[in-house]
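Structure, as structure tokens:
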Amino acid sequence: MNFGIMFDTHIDKWELIRYAEELGYDSAYVPDSEMMWSDCYATLALAAFNTKRIRIGTGIAAPGVRIAPVTAHSIATINQLAPGRVFLGIGTGHTSMRMLGQDPMPLAELREYIRVVRGLLDGEEVEYTMNGRTQPIKFIHRDRYYINLDNRIPIYMAANGPKAIRMVGELADGWIIHNANPEQGKVYFDMVRDGARKAGRELPADFYPTFQSSPIILRPGERLTDERVINEVGSQVTCVLHLAYEIWSYLGKKDEAIPPFFADVWDDYLKRVNNYPERGRFRYIHDGHCTFLQPDERKFVTPKAIQAICLAGDVDEIIERIRAMERVGFKELNMLPPADYQRKVFREFAELVMPAFR
């Protein structure tokens, strides 16, 4: 099992990737969310220049805000700085598009987007349509190494729903999922294999599935309601709460769309959301998203939600939960703690949990 970090993309935090490399982490995922954080590719460039071993890439690139040739060009530029240790994580762009008041990219458009990016990164000529006009495009001047296509850049697709998960099996070199439940993970992994089979494809031996969560190592006598616990996992729980609200709204506000671990707080959360102005409401919903815990949202970080979303337990319990995901077929855990606790969480996890897997 490998281990990766994810953090709120801050141009000054490239050094956090170097710190993770020193701690023994394998990967660093840098999110792409233009209305919330710094530019992911600028942050990756600084990290690429100042690290030697750790794998780096987007986690997750937002296709709706950059045309496909630009995404291919940007990640290939990072590959010139860190040859052979770069990946492109990509998804529908949930948060980045929501923060523009727009919907994420439909899967049919994402499939076409990935086709163009994959072809360009493979050095191929691809048919590309822009503003209703289709032309053959291809990178030129490759011998001058403005970008690096010699070292293949894998594409990892973020997918949590059945249709998207099957598309992973059809198209991707790896998979990023927000789920730490081995029973669900097994069901979803079967969907990946089903998608590959229907596409007439065998999953490659180096297919790279990774799951994303936040760990909280409980001390003797500590409870999930304790202040430290909520501080260190709160923004992860509310990140899922924000997403759950968006999906619930999209699906027609049906009760069956409410995650069971939020059922007890759902009505209170709706009261909070309904107090926001209707125009631009998305900005209020995502304030603090994956970054810090809003004080008024603290009451939504319940033990039930923490247990469902995060890796909570003593050292041995966390190790066993990771091993259960490993048995399903996952190769990496990447973690996203709140901004104010990242270095502490990364260090403690590296010291107390990672040695069991080395």
Breaking point among (1) over 25 Å from A48 (Cβ atoms); (2) of a type in the set (K, R); (3) touching a residue at least 24 places away in the same chain (Cβ under 8 Å), for R152: (1)
Any chance Y146 is in contact (Cβ under 8 Å) with a residue 24 or more places away in the chain, buried (at least 18 other Cβ atoms within 10 Å of the Cβ) and either hydroxyl-bearing (S, T, Y) or touching a His at 6+ places or on another chain (Cβ under 7 Å) (or both): no
Leading residue by the ranking (surrounded by the most Cβ atoms within 10 Å (Cβ to Cβ)) among those in the range 202-223 that are among the charged types (D, E, K, R) and modelled with pLDDT of 95 or more: E222
Residues within the range 311-320 that are touching a residue at least 40 places away in the same chain (Cβ under 8 Å), crowded, with 19+ Cβ neighbours inside 10 Å and more than 23 Å from L16 (Cα to Cα), tallied: 2
Set I5, I17, I11: member being more than 18 Å from M157 (Cβ to Cβ), surrounded by fewer than 17 Cβ atoms within 10 Å (Cβ to Cβ) and hydrophobic (A, V, I, L, M, F, W, C): I11
Residue match in the range 225-237 (condition: in contact with a helix residue (DSSP H, G or I) (Cβ under 8 Å, 6 or more places away or on another chain) and closer than 27 Å to K163 by Cβ): yes
Members of the range 193-214 found to be closer than 30 Å to P338 by Cβ and hydrophobic (A, V, I, L, M, F, W, C), listed by number: F211
Residue selected from the range 224-270 under the condition in a loop (DSSP other than H, G, I, E, B) and among the basic types (K, R), by the criterion surrounded by the most Cβ atoms within 10 Å (Cβ to Cβ): K253
1 or more residues of a type in the set (D, E, K, R) and at pLDDT below 95: qualifying helices (runs of 4 or more DSSP H) within the range 26-137: 94-98
Subset of the range 224-245 (residues that are more than 24 Å from K186 (Cα to Cα) and in contact (Cβ under 8 Å) with a residue 40 or more places away in the chain): L224, T225, V229, I230, N231, E232, V233, G234, S235, T238, H242, Y245
Selection count, the range 132-183, where residues are more than 24 Å from Y29 (Cα to Cα) and in contact with a Leu (Cβ under 8 Å, 6 or more places away or on another chain): 4
Restricting the range 271-286 to residues that are over 18 Å from the mean Cα position of the chain (by Cα) and in a loop (DSSP other than H, G, I, E, B), the residue that is nearest to G101 (Cα to Cα): G280
Matching entry among I177, I140, I153 (being at pLDDT 95 or above, over 21 Å from A82 (Cβ atoms) and touching a strand residue (DSSP E or B) at 6+ places or on another chain (Cβ under 8 Å)): I177
Where E278 falls short, out of the listed (1) in contact with a Leu (Cβ under 7 Å, 6 or more places away or on another chain); (2) farther than 16 Å from S235 by Cα; (3) of a type outside the set (A, V, I, L, M): (1)
Residue that is surrounded by the most Cβ atoms within 10 Å (Cβ to Cβ) [pool: residues in the range 78-104 that are of a type in the set (A, V, I, L, M, F, W, C) and more than 16 Å from the chain's Cα centre (by Cα)]: I78
Residue list for the range 152-209, filter: in contact with an Asp or Glu (Cβ under 8 Å, 6 or more places away or on another chain) and either of a type outside the set (D, E, K, R) or part of a strand (DSSP E or B) (or both): P154, I155, Y156, G169, G195, A196, A199, P204, F207, Y208, P209
Selection from the range 44-77 of residues that are β-branched (V, I, T), in contact with a helix residue (DSSP H, G or I) (Cβ under 8 Å, 6 or more places away or on another chain), surrounded by 24 or more Cβ atoms within 10 Å (Cβ to Cβ) and over 23 Å from E124 (Cα atoms): I56
Residue in the range 206-229 that is under 19 Å from M157 (Cβ atoms), more than 15 Å from the chain's Cα centre (by Cα) and of a type in the set (D, E, K, R) present: yes
Neighbours by Cβ (under 6 Å, 6+ apart or cross-chain): first from the range 109-126, surrounded by fewer than 16 Cβ atoms within 10 Å (Cβ to Cβ); second part of a loop (DSSP other than H, G, I, E, B): G123/L149; E125/K138
Single unsatisfied condition, P162 versus (1) under 23 Å from R327 (Cα atoms); (2) in contact with a strand residue (DSSP E or B) (Cβ under 7 Å, 6 or more places away or on another chain): (2)
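The values are calculated or read from the model by the stated rules, or taken from the named source; none is laboratory data. What you are looking at is a predicted structure, and each value in this text was computed from that prediction instead of being measured. Using ideal geometry, Cβ is built from the backbone for each residue, glycine included, and neighbour counts are taken over all protein chains shown.
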